[in-house]
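Let me begin by presenting the structure, written as structure tokens, before commenting on it.
The values are calculated or read from the model by the stated rules, or taken from the named source; none is laboratory data. Here the structure is a predicted model, which is why all the values come from computation and not from measurement. Neighbour counts run over all protein chains shown; Cβ positions are idealised from the backbone, glycine included.
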Ligand SMILES: O=c1ccn([C@@H]2O[C@H](COP(=O)(O)OP(=O)(O)O[C@H]3O[C@H](CO)[C@@H](O)[C@H](O)[C@H]3O)[C@@H](O)[C@H]2O)c(=O)[nH]1
């Protein structure tokens, strides 16, 4: 039950597209209530990206604070712009230096319009100290599913990857989740996959976990129905309390129910987001739809690094598969023999080297499958529109997301690596075989049906007034109010 008339929320994501975008969607979710003012904190170089996404909503503001200089190449203020992901630890740890500027900004905001709650990224653990200084409750956003968080916690608490004799692909048993057959050291990233994790980067993460546990709540980009066992498990055995209030992407402006007047207090009655101009690839998708040709969408998020040999092999695998595809390539992965490739695939497939509106692609009716690295946002964006996934995890917690997609909720299949290892090379034959299976095979049919069911479930969870995610957000607001009034 909401008891307060008008809230002020400050949102502060970690500087990576995969972290900024979900909090922008979350901002829209808050703005849908029309009883919340959102201030989005970012850095100067990402300010226009953020402002564009907020679309000039009259109940939103953007505040930019400087990104620390001299630690990563000048001008890089988002991890996807790093020339190499080997700089990521330095990049993420340098954010601690933003504390004084953030605190000043938060103080000013709080003085002007009292801040009811802060939502900050799990990587920005130091923001808890600032929030506490002003008596503002901090909610954490880690960008992880409860499934992945529970596995990480159980592996960490039980020290299950310890032991120098444990090989990278040896199975590790999870006593709390015995039906998860195989988890390996390769499902985790250094320093967590090290036999004895230590060092400044590990300490940095531990301090983030401690801050998170001492925060007011954890907001999860998903709905309860997607992973009920793991949400309950987290809430019984870990802190802070997890609140499933997503999938956030379903709160984008196009999905705003402008006719509803519930919860309207002070905010605008109608919000018209910026009109989007569709990219040329959407016209291509439209043509394919007219021809009745199903499309595989191929994209690996904003920061995965793919070797040039692997990029070429993806091209060959797609060529051999015979399916039609739309492949988004980042500039870092520039090694495709493009002319030859485009000759070979003719109009059957297209390569896009621009920033696309991924949700616009995934919601296009011709898109019937998604070859994805399983970043949580891509995963949720696909599930929420019922598109099955061909999972190819590459880094971070993606191997765990891939397990959730394939083994737990069964809305996807997995690419086969040449040696069966989580991080092994994927050959053209292995890729072509699984692409065909997803798009044309019996197993593909089954996971497509499941994906559609989960998509409907996600839509329902987000329904205004009645959905579980909508009600969870209401309860969370109520808790924040109670805390304030206590
Ligand atoms: O041209 C593009 C490329 C990406 N996106 C969007 O960018 C986001 C990418 O996020 P995600 O799919 O999660 O991938 P990453 O960028 O790799 O995300 C990082 O952050 C996620 C959330 O913490 C983690 O789950 C991932 O493992 C981590 O790599 C998604 O919303 C995409 O729709 C676009 O809209 N257009």
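When we screen 190, 200 for residues that are surrounded by fewer than 15 Cβ atoms within 10 Å (Cβ to Cβ) and touching a residue at least 12 places away in the same chain (Cβ under 8 Å), the only hit is 200.
Checking 89, 68, 44 one by one, the residue that is over 18 Å from residue 8 (Cβ atoms), surrounded by fewer than 16 Cβ atoms within 10 Å (Cβ to Cβ), at pLDDT 95 or above and not assigned by TED's automatic domain parsing to the domain that holds residue 306 is 44 and no other.
Every condition in (1) more than 20 Å from the chain's Cα centre (by Cα); (2) modelled with pLDDT under 95 is met by residue 285 except one, and the failing one is (2). Screening residue 351 against (1) more than 10 Å from the ligand (Cβ to nearest atom); (2) surrounded by fewer than 17 Cβ atoms within 10 Å (Cβ to Cβ) leaves a single unmet condition, (2). Mind checking whether some residue in segment 321-337 is on the phi < 0 side of the Ramachandran plot, surrounded by fewer than 18 Cβ atoms within 10 Å (Cβ to Cβ), more than 16 Å from the ligand (Cβ to nearest atom) and modelled with pLDDT under 95? Checked segment 321-337: at least one residue is on the phi < 0 side of the Ramachandran plot, surrounded by fewer than 18 Cβ atoms within 10 Å (Cβ to Cβ), more than 16 Å from the ligand (Cβ to nearest atom) and modelled with pLDDT under 95.
On the given criteria, is residue 358 at pLDDT 95 or above, within 12 Å of the ligand (Cβ to nearest atom), under 22 Å from residue 321 (Cβ atoms) and surrounded by fewer than 24 Cβ atoms within 10 Å (Cβ to Cβ)?
Working: at pLDDT 95 or above: yes; within 12 Å of the ligand (Cβ to nearest atom): yes; under 22 Å from residue 321 (Cβ atoms): yes; surrounded by fewer than 24 Cβ atoms within 10 Å (Cβ to Cβ): yes.
Considered against the rule, which asks whether it is at pLDDT 95 or above, within 12 Å of the ligand (Cβ to nearest atom), under 22 Å from residue 321 (Cβ atoms) and surrounded by fewer than 24 Cβ atoms within 10 Å (Cβ to Cβ), residue 358 comes out as yes.
Yes or no: residue 233 more than 15 Å from the ligand (Cβ to nearest atom) and either assigned to a helix (DSSP H, G or I) or within 21 Å of residue 458 (Cα to Cα) (or both)? Yes, satisfied. Just a yes or no: is a residue in segment 169-177 over 20 Å from residue 400 (Cα atoms), surrounded by fewer than 21 Cβ atoms within 10 Å (Cβ to Cβ) and free of Cβ contacts under 8 Å to residues at least 60 places away in the same chain? No, because not a single residue in segment 169-177 is over 20 Å from residue 400 (Cα atoms), surrounded by fewer than 21 Cβ atoms within 10 Å (Cβ to Cβ) and free of Cβ contacts under 8 Å to residues at least 60 places away in the same chain. Residues in segment 47-90 that are farther than 24 Å from residue 248 by Cβ and part of a helix (DSSP H, G or I): 85, 86, 87, 89, 90.
Applying the criterion of at least 2 residues that are surrounded by 20 or more Cβ atoms within 10 Å (Cβ to Cβ) and within 12 Å of the ligand (Cβ to nearest atom) to the helices (runs of 4 or more DSSP H) found wholly in segment 361-455 leaves 376-383, 398-403.
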